[in-house]
Amino acid sequence: MIGVIADPSEHDVVREFFELFKTPWEFYRRDRRYEVLLCAGGDQVDGAAKFVLFYSGRKIRFDDEQKIQTGTGRREICILSYQGNRIPIYGDTVTFPEMGKGVLMDEHTHESAAYLDRSGQRVVARIGYDLFGEVRKLLTVGQPPANADIPALELHIAFLRDLITGCGVPLVEVPPVPDGYPFIACLTHDVDNPSICQHKWDHTMFGFLYRAVFGSLDNLLRGRIVVRSLLTNWAAALKLPFVHMGLAKDFWRGFDDRYLELEKGLSSTFFVIPFKNDPGKNFYGPAPRFRAARYDAQDIADTIRKIMAAGCEVGLHGIDAWHDSSSGHEELEEIRRLTGVAEVGVRMHWLRYNHQSPVALEQADAAYDSTIGYNETVGYRAGTTQAYKPLQATRLLELPLHAMDTALFYPAYLRLSPRQATTVLGQLSDDAVQFGGCLTINWHDRSLAPERLWDACYRDLVQDWKSRGAWFATAGQAISWFKKRRSVVFETNSIEPDAVRARVSADDGSHLPGLRLRIHKVRESCGIGTQGLEGYVDIVFDDSIDTRVPCGDWC
Ligand SMILES: [Zn+2]
């Protein structure tokens, strides 16, 4: 059991952190003994514990007591290196220049940002940043695009876990890994342009023509596409007037067939725009006219039925739901009317979102949100692969979005070749195998058709996730699985201090993959970062499990 001492203003973020690092913990109580005491809000250390951790990015009383010299990084973002990983720190940091090379090093100054002190039976770890301040930043502001590739929140969890197990303290947790699978794969599609017929002499049509004719030629010369793709796109551009006259097939239509064929029963999620010709609001006033869709969800009612009959989910691609709950309510209601499903999730068009959005979406009665990601790059805006509850929300969960096709390929963004994109997506998949959680990807409705023709990369990704054994879930299923995990409560009793019961307290997740109770093995010597895959055992459970965790003399 971890006892946590933190400022009351930090209690919300502490609670959320321990939903993501799902292990027995509680706020510190004087009448209890703890194996681990995590002090984040001051210098209190009167509680007895085998292992005490001080997290703070400023000099604290403990440093003075230990007569430890401290240094401070004055840079905007400090990067700490830990076992070959880079952990960005967005708040204050303090270093310990006299402590030599440590487990956690400031990448710039090469000074140690953590050290261990052993006196008698007690081990104290001093870590030179504010853990919960960092988690708050990640879950609210998010990471700048330059650090998008770093799953920072998962690394904070991994570092803390390594510290605890490395100091010989036993640990149980429910990892974000469904039973039978290494991670969750969530395939999603924003439906922006289901038909090119609807675009006459507008921004989208001219964009299509420019990219089909000139962009394709440029891509060919740069070796990004083959001649066949160039010819397909030129043919599509030539055909366009005939498509508008109704004499040739609309090559953007049929996105449902293309995805259903490629995904073959893998259950993806389609986010559909409710109303046409409404650009909605942008951050600072009305959005440009071209943000408006040219279709009503009603226009593709047959497609929606077909998608759902194939086991896929239909959610709302919201226009104004991100800032206005009554608009959000109307938008959600239209999708409910067409799908007959009460629980409808949201992804905002153009990923519009601000600090009020979790509240607006919750008031509009959205089932979940999946907007937090980048338009311009791919990776971990909130630093995590896990669904989390935004700190402003009371029940809404956020399923972070990790990669969009447009970010990978558009010249204004990453401008990758298909092969480079596959490599980048492979790195995300490697992370998911290491940390668990859910990878969420957005391939737009028109992306398999001219002029994008981004099907090869998508096919490779789906194949890669299949071969890694991922659980393909709709966004709603992934959220339900995370809810089931969040509902786990740990029960201990004073008569048998080594007995731990983990119990699922929500009862609607029985059709979902089970959970794992992970028991980390105790290590004799104090060492950090030597945790290998063999360092734990997993026990599978569906509703409750009892186990014993050897806890030494401290219970
Ligand atoms: Zn969109």
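Cβ-Cβ distance of D12 and L262, R₀ of 35 Å, FRET efficiency by 1/(1 + (r/R0)^6): the value works out to about 0.25.
If you average over every viewing direction, what projected area does the convex hull of the Cα atoms of the stretch 249-352 give, in nm²?
On the way: hull surface 27.9 nm².
Dividing the Cα hull surface by four gives the mean projection, 7.0 nm².
By accessible area, using a 1.4 Å probe on protein heavy atoms only, the stretch 97-199 has 51% of its surface on carbon and sulfur.
For the stretch 1-136, the solvent-accessible area of protein heavy atoms averages 44 Å² per residue (probe radius 1.4 Å; ligands and nucleic acids excluded). Just flag the trypsin sites (Lys or Arg not before Pro) in the stretch 62-171 sitting in loop per DSSP whose Cβ has no more than 15 other Cβ atoms within 10 Å. Passing sites in the stretch 62-171 are K67, R74, R75, K101. May I ask for the angle, rounded to the nearest 10°, between helix 475-486 and the longest principal axis of the chain, with both axes built from Cα atoms and the value confined to 0 to 90°? Between the helix axis and the principal axis of the chain, the angle is about 10 degrees. Net charge of the neighbourhood of S417, taken over other residues with C-beta under 13 Å away and scored Lys/Arg +1, Asp/Glu -1, is +2. Equivalent ellipsoid of the stretch 355-496: semi-axes from √(5λ) of the C-alpha gyration tensor, largest first, are 31, 20, 13 Å.
Relative contact order for the stretch 284-375: what percent, with Cα pairs under 8 Å and sequence separation of 6 or more?
Details: 118 pairs, mean separation 25.7, N = 92.
The normalised contact order for the stretch 284-375 reaches 28 percent.
A Förster radius of 35 Å, combined with the Cβ-Cβ distance separating E333 from R419, puts the computed FRET efficiency at roughly 0.20. Two numbers describe the Cα atoms of the chain: Rg and Dmax, which are 25.4, 86 Å. Residue pairs exceeding 20 angstrom between C-alpha atoms, taken from K22/K59; K264/K466; K137/K389; K466/K521; K59/K389: K22/K59; K466/K521; K59/K389.
At a 1.4 Å probe, what is the % contribution of carbon and sulfur to the accessible area of the stretch 273-379?
That fraction is 49 percent.
For the stretch 134-145, the Karplus equation 6.51 cos²θ - 1.76 cosθ + 1.60, evaluated at θ = phi - 60°, returns couplings of 5, 5, 4, 4, 5, 7, 10, 6, x, 8, x, x Hz by residue, with Gly and Pro reported as x. For the stretch 228-286, treating each Cα as an identical point scatterer without solvent, what Debye log10 I(q)/I(0) comes out at q = 0.13, 0.20, 0.21, 0.22 1/Å? Once normalised to I(0) and log-transformed, intensities are -0.65, -0.96, -0.96, -0.96.
Remark: the Cα gyration tensor places the stretch 292-419 in the oblate category, a/c being 1.5 or greater and a/b not exceeding b/c.
Between F270 and H189, E313, V314, G315, the built amide H atoms are under 5 Å apart, and every one of these is 5 or more places off in sequence or on another chain.
With a 1.4 Å probe and every protein chain kept in, tell me what percent of the accessible surface of the stretch 435-477 is carbon plus sulfur.
On the way: 510 of 1150 Å².
Of all accessible area on the stretch 435-477, carbon and sulfur atoms account for 44 percent.
With the simple spin-label model, which puts each label point 7 Å out from Cα in the Cβ direction, the R86 to W234 separation comes to 4.2 nm.
Once the Cβ-Cβ distance between K200 and A342 is put in as r, and R0 is 30 Å, what FRET efficiency do you end up with, to the nearest 0.05? Walk me through the numbers on the way to the answer.
On the way: r = 37 Å, r/R0 = 1.25.
In this case the efficiency is close to 0.20.
Along the chain, the longest continuous region that contains none of the GluC sites (Glu not before Pro) in a DSSP loop with at most 11 other C-beta atoms within 10 Å is 77-523. DSSP bridge analysis restricted to the chain gives an antiparallel fraction near 50%, rounded to the nearest 5. Rounded to the nearest whole Hz, the Karplus-based 3J(HN,Hα) values (6.51 cos²θ - 1.76 cosθ + 1.60, θ = phi - 60°) of the stretch 302-317 follow the sequence 5, 4, 4, 4, 5, 4, 5, 5, 7, x, 8, 10, 10, x, 8, 9, with x at glycine and proline.
Taking amide H atoms as placed 1.01 Å from N in the peptide plane, the amide H of T384 lies under 5 Å from those of L153, each 5 or more residues away in sequence or on another chain.
K276 to H108: extension gain in nm, 0.36 nm per residue of separation minus the Cα-Cα distance?
Details: separation 168, 0.36 × 168 = 60.48 nm, distance 5.13 nm.
Contour length minus the Cα-Cα distance gives 55.3 nm.
What is the local net charge at I150, summed over the other residues whose Cβ is closer than 15 Å to its Cβ (Lys, Arg +1; Asp, Glu -1)? Overall, the nearby charge balance is -3. Accessible surface computed residue by residue for the stretch 350-437, with neighbouring protein chains in place and a 1.4 Å probe, gives 34 Å² per residue. Relative contact order, percent, of the stretch 69-223 when contacts are C-alpha pairs under 8 Å separated by at least 6 residues? Relative contact order for the stretch 69-223 comes out at 13 percent. As a length-normalised measure over Cα pairs under 8 Å and 6 or more apart, the relative contact order of the chain settles at 17 percent. Restricting the stretch 157-261 to chymotrypsin sites (Phe, Trp or Tyr not before Pro) that sit in a DSSP loop and have at most 14 other Cβ atoms within 10 Å of their own Cβ leaves W201. Extending 7 Å from Cα along the Cβ direction at S544 and again at T394 yields two label points whose distance is 2.8 nm. For chymotrypsin sites (Phe, Trp or Tyr not before Pro), no site in the stretch 361-430 is both called loop by DSSP and has at most 15 other Cβ atoms within 10 Å.
The values are calculated or read from the model by the stated rules, or taken from the named source; none is laboratory data. Quick caveat, the model's predicted, so the values are computed rather than measured. Neighbour counts run over all protein chains shown; Cβ positions are idealised from the backbone, glycine included. All accessible areas refer to the heavy atoms of the entire protein, side chains included, with ligands and DNA or RNA removed. Shrake-Rupley method; radii C 1.70, N 1.55, O 1.52, S 1.80 Å.
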